[in-house]
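Trainee: Encoded as structure tokens, here's the structure I'll be asking about.
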Amino acid sequence: MFSHAAYTGFDYYKGENVDVVGDAHELSSYFDEKFDLIFSSSVFEHLAMPWKAAAEIIKLLKKDGYIFIETHYSFSSHERPWHFFQFSDNALDVLFPEKFGMR
């Protein structure tokens, strides 16, 4: 997806395209740099404390950077027991508030 970018893959498990293995709830403890883009696909519904991971993502974002969060508003339960939440656009506005510089 990002062939023209410097990409750092992060996941809870080792695997293809995973450069750093760790817990998203402590994301900023793994990096000394900030990022232009933070991309998350089908992750937030599996986080025990998504508000904590959102705060960690905001810490790592460069000024005028972008966050792309793709998560489920309505989807059947999957990857149990690690499926906790469903998110509306309103929920994402709460997790990534304008008060913290998000638009």
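The values are calculated or read from the model by the stated rules, or taken from the named source; none is laboratory data. Here the structure is a predicted model, which means the values were calculated and not measured. Neighbour counts run over all protein chains shown; Cβ positions are idealised from the backbone, glycine included. Areas reflect the complete protein model, heavy atoms only, side chains present, ligands, DNA and RNA absent. Shrake-Rupley method; radii C 1.70, N 1.55, O 1.52, S 1.80 Å.
Trainee: Name every residue in region 19-73 that is touching a Leu at 6+ places or on another chain (Cβ under 7 Å) and more than 26 Å from His83 (Cβ to Cβ), in order of residue number.
Mentor: Phe31, Lys34, Phe35, Gly65, Tyr66 - these are the residues of region 19-73 that are touching a Leu at 6+ places or on another chain (Cβ under 7 Å) and more than 26 Å from His83 (Cβ to Cβ).
Trainee: Go through (1) open to solvent by less than 80 Å² (accessible area, probe 1.4 Å); (2) outside any loop (DSSP other than H, G, I, E, B); (3) in contact with a Leu (Cβ under 8 Å, 6 or more places away or on another chain) and name the single condition Phe85 misses.
Mentor: Result: Phe85 passes all but (2).
Trainee: Of the conditions (1) part of a helix (DSSP H, G or I); (2) among the small types (Gly, Ala, Ser); (3) surrounded by fewer than 12 Cβ atoms within 10 Å (Cβ to Cβ), Ala91 clears all except one; give me its number.
Mentor: Checking Ala91 against (1) part of a helix (DSSP H, G or I); (2) among the small types (Gly, Ala, Ser); (3) surrounded by fewer than 12 Cβ atoms within 10 Å (Cβ to Cβ), the one that fails is (3).
Trainee: If you scan region 1-53, which residues turn out to be modelled with pLDDT under 95, assigned to a helix (DSSP H, G or I) and hydrophobic (A, V, I, L, M, F, W, C)?
Mentor: Once the filter is applied, which keeps residues that are modelled with pLDDT under 95, assigned to a helix (DSSP H, G or I) and hydrophobic (A, V, I, L, M, F, W, C), region 1-53 yields only Phe44.
Trainee: Output the residues belonging to region 19-40 that are open to solvent by 60 Å² or more (accessible area, probe 1.4 Å), under 22 Å from Met102 (Cα atoms) and either out of contact with any helix residue (DSSP H, G or I) (no Cβ under 9 Å at 6 or more places or on another chain) or not acidic (Asp, Glu) (or both).
Mentor: Within region 19-40, Ser29, Asp32, Lys34, Asp36, Leu37, Phe39 qualify.
Trainee: Still on this model: Could you figure out which of (1) surrounded by fewer than 11 Cβ atoms within 10 Å (Cβ to Cβ); (2) touching an Asp or Glu at 6+ places or on another chain (Cβ under 8 Å); (3) not aliphatic (A, V, I, L, M) isn't true of Glu16?
Mentor: Just one mismatch for Glu16, condition (2).
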